[in-house]
Amino acid sequence: MFYTERRNYLIFEVMKIDLKPNEQVVKAGDSQYMNGSKVEGKLILTNQRIYFKSKNESNSAYNLEIIPVDIREVIPFKTGFFSNNGLNIVKKDGDELNFKIKDRDTWCKLVNQMY
């Protein structure tokens, strides 16, 4: 769930996710899920899993939860000629989840440490 809060002319988007016991957020950032449709949202990495939450409730069907044991590999890719901001998570069942995200290399490193 998202809502907007205004403080000193800055707008913050706040989201709630239900964390499991002992689960902590490691990294979170604005992202775009790019599998057929381009869905704006947040990519959230915790010490136990990866979430994608869409910003728009009408796109809640695109909300994802990825468990580390389901990951086969993580592949960085370019989303444009000079845009090194693509993150491809390949699952063991063959599904490929593509995300556009800032600081992609750090995301790759952190996700690779999970599985």
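Out of all the residues in region 95-109, is one or more modelled with pLDDT under 95 and surrounded by 11 or more Cβ atoms within 10 Å (Cβ to Cβ)? The answer is no, given that none of the residues of region 95-109 is modelled with pLDDT under 95 and surrounded by 11 or more Cβ atoms within 10 Å (Cβ to Cβ).
Determine whether residue 43 is surrounded by 15 or more Cβ atoms within 10 Å (Cβ to Cβ), under 26 Å from residue 21 (Cα atoms) and touching a helix residue (DSSP H, G or I) at 6+ places or on another chain (Cβ under 9 Å). So residue 43 fits the description; yes.
Considering every residue within region 76-86, establish whether at least one is in contact with a Phe, Trp or Tyr (Cβ under 9 Å, 6 or more places away or on another chain), surrounded by 15 or more Cβ atoms within 10 Å (Cβ to Cβ) and in contact (Cβ under 8 Å) with a residue 24 or more places away in the chain. Yes, the conditions are met somewhere in region 76-86. If you check 60, 37 for being exposed (fewer than 13 other Cβ atoms within 10 Å of the Cβ), modelled with pLDDT under 95 and touching a Ser or Thr at 6+ places or on another chain (Cβ under 7 Å), only one passes: 60.
Yes or no: residue 32 at pLDDT 95 or above and not in a strand (DSSP E or B)? For residue 32, the condition - at pLDDT 95 or above and not in a strand (DSSP E or B) - is not met. Filtered by the rule that a residue be of a type outside the set (A, V, I, L, M), more than 11 Å from residue 28 (Cα to Cα) and in a strand (DSSP E or B), region 39-48 gives a lone residue, 40.
Just to be sure, is residue 74 modelled with pLDDT of 95 or more, closer than 15 Å to residue 107 by Cα and touching a strand residue (DSSP E or B) at 6+ places or on another chain (Cβ under 8 Å)? Yes. Restricting attention to region 49-85, the residues that are part of a strand (DSSP E or B) and within 11 Å of the chain's Cα centre (by Cα) total 8. Out of curiosity, is residue 9 hydroxyl-bearing (Ser, Thr, Tyr) and modelled with pLDDT under 95? Against the criterion (hydroxyl-bearing (Ser, Thr, Tyr) and modelled with pLDDT under 95), residue 9 qualifies.
When residue 115 is tested against (1) over 21 Å from residue 23 (Cβ atoms); (2) part of a loop (DSSP other than H, G, I, E, B), only condition (1) is not met.
The values are calculated or read from the model by the stated rules, or taken from the named source; none is laboratory data. For clarity, every value in this text was computed on a predicted model and none was experimentally measured. Cβ atoms come from the backbone with ideal geometry, glycine included; neighbour counts cover every protein chain shown.
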